[in-house]
1. When the distances between all Cα atoms of region 1-128 are binned every 10 Å from zero, what whole-number percent does each bin get?
2. Hey, fewest Cβ within 10 Å first, where do 257, 198, 242 land in order?
3. Taking the number of other C-beta atoms within 10 Å as the exposure measure, put 237, 50 in order starting with the fewest.
4. With runs of 4+ DSSP H residues as the only contributors, calculate the mean residue ellipticity of the chain at 222 nm using -39,500 (n - 2.57) per run, divided by the residue total and rounded to the nearest 500.
5. Relative to the longest principal axis of the C-alpha atoms of the chain, give the angle of the C-alpha long axis of helix 227-263, reported between 0 and 90° and rounded to the nearest 10°.
6. As I understand it, the value is the acute angle between the Cα axis of helix 93-109 and the longest principal axis of the Cα atoms of the chain; what does it come to in degrees, rounded to 10?
7. If neighbour count is taken as other Cβ atoms inside 10 Å, put 116, 123, 11 in order from fewest to most.
8. What ratio of Cα Rg to 2.2 N^0.38 Å holds for region 101-260?
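Bear in mind that the values in this text are calculations on the coordinates, not laboratory data. Just so it is clear, the model here is predicted, and its values are computed rather than measured. With ideal geometry, Cβ positions are generated from the backbone for all residues, glycine too; neighbour counts draw on all protein chains shown.
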């Protein structure tokens with residue numbers, strides 16, 4: 001067990017925070033794999049799939065109860081968001097939105113576990129670095145957002161066609177009837193549309209990461225306070241953070257629906 005992890009947090013606040021912000025990883029540079037992020041992300045994905053299968057295997061449409069009632073409430077909520085925000089019909093969108101919302105919510109909820117609990121348990125078995133909130137890792141949030149971005153590109157090409165997809169960059173956002181003006185505006189349109197498209201996954205990934213990282217950092221700062229302040233301060237922040245956790249999952253889901261809805265729209269002539 002490391003000396004740094006045994007020392008009281010107040011003796012070395014910077015070291016304490018630095019220790020908690022370091023992932024359990026292998027490799028260096030671009031080929032770094034954060035093992036704790038992968039483990040907890042996959043564990044929660046497996047948990048979601050297992051619960052969904054158990055509920056599906058024991059589905060009772062006449063007398064729904066317990067987890068079935070809870071999941072049906074979430075399904076109805078997500079389905080309503082899809083109906084309101086998605087202008088089209090695609091059987092993939094609602095299941096995708098449900099998966100994104102619940103999986104991100106579960107990963108965010110890991111932030112409510114006492115900040116020292118799992119790292120100290122891991123330290124006891126020789127694992128000296130452990131981050132338990134996958135969404136405080138940019139590799140997770142960008143992995144999610146660029147997966148959505150890949151679907152955006154796919155449906156843009158599928159709905160508009162390859163030529164229509166190229167036209168979107170050439171004649172959007174500034175359109176003109178004169179052929180010479182169109183040619184002059186093409187470089188500007190390509191630049192503006194490229195920025196607009198690239199901003200979608202970047203904003204989605206950074207928004208989720210930034211909010212969850214800030215929340216985790218506040219829990220660490222609270223852990224540095226005297227013990228008699230930690231409990232009330234931590235409890236108040238945890239109650240508020242439940243709203244942040246849910247809201248960030250909802251925003252990511254809603255942006256996924258909206259961006260895919262835009263990708264399904266036919267090119268205007």
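1. Bin by bin from 0 Å, the calculated values are 10, 28, 27, 18, 14, 3.
2. Listed from fewest to most nearby Cβ atoms, that is 198, 242, 257.
3. 50, 237
4. Rounded to the nearest 500, the figure is -25000 deg cm²/dmol.
5. Roughly 20 degrees between the two axes.
6. Between the helix axis and the principal axis of the chain, the angle is about 20 degrees.
7. 11, 116, 123
8. Ratio of Cα Rg to 2.2 N^0.38 Å: 1.44.
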